[in-house]
1. Can you spot a residue in region 161-171 that is within 23 Å of residue 261 (Cα to Cα) and of a type outside the set (D, E, K, R)?
2. Kindly establish whether residue 11 is in the same structural domain as residue 175 (by TED's automatic domain parsing) and out of contact with any Gly (no Cβ under 6 Å at 6 or more places or on another chain).
3. Here's a check for you: in region 233-262, which residue that is of a type in the set (S, T, N, Q), part of a helix (DSSP H, G or I) and crowded, with 21+ Cβ neighbours inside 10 Å is modelled with the lowest pLDDT?
4. Consider residue 202 carefully, then state whether it is surrounded by 15 or more Cβ atoms within 10 Å (Cβ to Cβ), in contact with a Leu (Cβ under 6 Å, 6 or more places away or on another chain), modelled with pLDDT of 90 or more and not basic (Lys, Arg).
5. Of the conditions (1) within 22 Å of residue 246 (Cβ to Cβ); (2) touching a residue at least 40 places away in the same chain (Cβ under 8 Å); (3) within 35 Å of the chain's Cα centre (by Cα), residue 183 clears all except one; give me its number.
6. Taking the condition of being touching a Ser or Thr at 6+ places or on another chain (Cβ under 8 Å) and over 20 Å from residue 192 (Cα atoms), how many residues in region 215-234 meet it?
Amino acid sequence: MPATAMLDPLLLGAMHTDMDTIIKAAVVGLAAEGLILGCVLVQTSNYFRLFPTDPRAYKVLVTLGTLMCLAQFILSTVASLKLVENASDFTGYWMTDLKFHMVITLFLCFFRATAAVYFSRRMWGLTGKRIYILVGLVVLILVTTAFGITTTVYGFHPPEFTSITHGPRLLQWFSKIGKFAKAWAITCPILDVVICLTTVILLLRSKSTLGGSEKTLMKKVVILTTETMLPPAIMSIGILLFFEINGIFGSYDRSLVWIIGPTYYLTILHSLVARQQLAAIIYPISMDNILPNRHASSNPDLSRNNSTRRLNTSTQSFTQGQLEMGQMADLSYDNRMSDHTFGKAQSDARQWQHERRTSWYEGSQTPAKATSSDFDDWKGISGSEKSWKESAGDTSVEDSPPFARVQQRPYRYV
């Protein structure tokens, strides 16, 4: 047995835990982190598929965040395997395990600060971009990040613990880093809850002044805001409770610390990808044109409903246009004709034109003349019956008979 193995009870007592609890917390944290990493990979794929035209800076940050989640999962896996291998000599392995833990905590600082800036910017926009609110948010973010970095830096420099005489220094170190960690665990949920509740309140206040479709959109935004920002806040409160009950690094706070960083990043990804759902509410008819990558082929009912809505909309527009044109025609047509009379007039006009062309092609230099009997059906059409009958013997009528005049006035019957 290594000499340091005899110090395991003292070290575990200072951490207020036992070896079984540490291993269980590592296994639970690794399993949960693997599930969250799967969600991150799916959301990353959806983001690049649905929003290929986003700014390059967004794409770079999304790629960097996904790679960091993958690197953290690899680091957690190695730390868990090493922890199981060195369970019989935890004191000899403790400093290495602590450094693994601090690297993951450093990732957490980055993810938390990024999420705080991202959601604070949205909340500040809802408040009308007031300067004093911006100053308050910046101060909270800086204080929270400062506590996290201080905890991480202090955790990279633990005291040497190779004999019983080093026990007081170890207890003093645990006391100091515990204060920094608890301060960090207190300020983080405060910042998360303030941003989440303020955003929801401002959205609900705006919702009362909107119409039906706008209320549906705002309701979806409120739900998305709550489901993306509330889980990390609950995890932060859980970490604080474990710190108070069991101390730091020795209980299931290890599991929460391992998964809260990727969870913060997942909330950002979820918020970015959720723009598709909001667009589906804003543009319910033409979503297949606005988002061509949308999985309409895998959802035939949705595609069929969209096509039906577009057809109904087009039909209503066409019908409305026809009604308006009919009203305009009624106003402009002062000499009404029955449908039968107008149809007969068009038929007679076409027959007269045919006879006129036939007589011309047969060598006759004079087109067929219209007689007085051709105008008997036109009584009362123009309001001047006498002028139509008297024009039967006029030579000008041969080139422009009444039937041709009817055809030259289509605008009166549109």
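The values are calculated or read from the model by the stated rules, or taken from the named source; none is laboratory data. The structure displayed is predicted, hence computed values, not measured ones. Here Cβ is always computed from backbone atoms with ideal geometry, including for glycine, and neighbour counts include all displayed protein chains.
1. The answer is no, given that none of the residues of region 161-171 is within 23 Å of residue 261 (Cα to Cα) and of a type outside the set (D, E, K, R).
2. yes
3. By that ranking, first place goes to 236.
4. In short, no.
5. The number of the failed condition is (2).
6. Taking region 215-234 first, the residues touching a Ser or Thr at 6+ places or on another chain (Cβ under 8 Å) are 218, 224-225, 228-229, 231-232.
Right, trim to over 20 Å from residue 192 (Cα atoms) and you get 218.
So the answer is 1.
Table: residues versus (1) closer than 30 Å to residue 223 by Cβ; (2) part of a helix (DSSP H, G or I).
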| residue | (1), (2) |
| --- | --- |
| 148 | yes, yes |
| 157 | no, no |
| 162 | no, no |
| 169 | no, yes |
| 172 | no, yes |
| 177 | no, yes |
| 181 | no, yes |
| 191 | yes, yes |
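Here is a yes/no grid of residues against (1) assigned by TED's automatic domain parsing to the domain that holds residue 110; (2) at pLDDT 90 or above; (3) out of contact with any helix residue (DSSP H, G or I) (no Cβ under 8 Å at 6 or more places or on another chain):
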{"position": "149", "(1), (2), (3)": "yes, yes, no"}
{"position": "155", "(1), (2), (3)": "yes, yes, no"}
{"position": "159", "(1), (2), (3)": "yes, no, no"}
{"position": "162", "(1), (2), (3)": "yes, no, no"}
{"position": "166", "(1), (2), (3)": "yes, no, yes"}
{"position": "178", "(1), (2), (3)": "yes, no, no"}
{"position": "181", "(1), (2), (3)": "yes, yes, no"}
{"position": "187", "(1), (2), (3)": "yes, yes, no"}
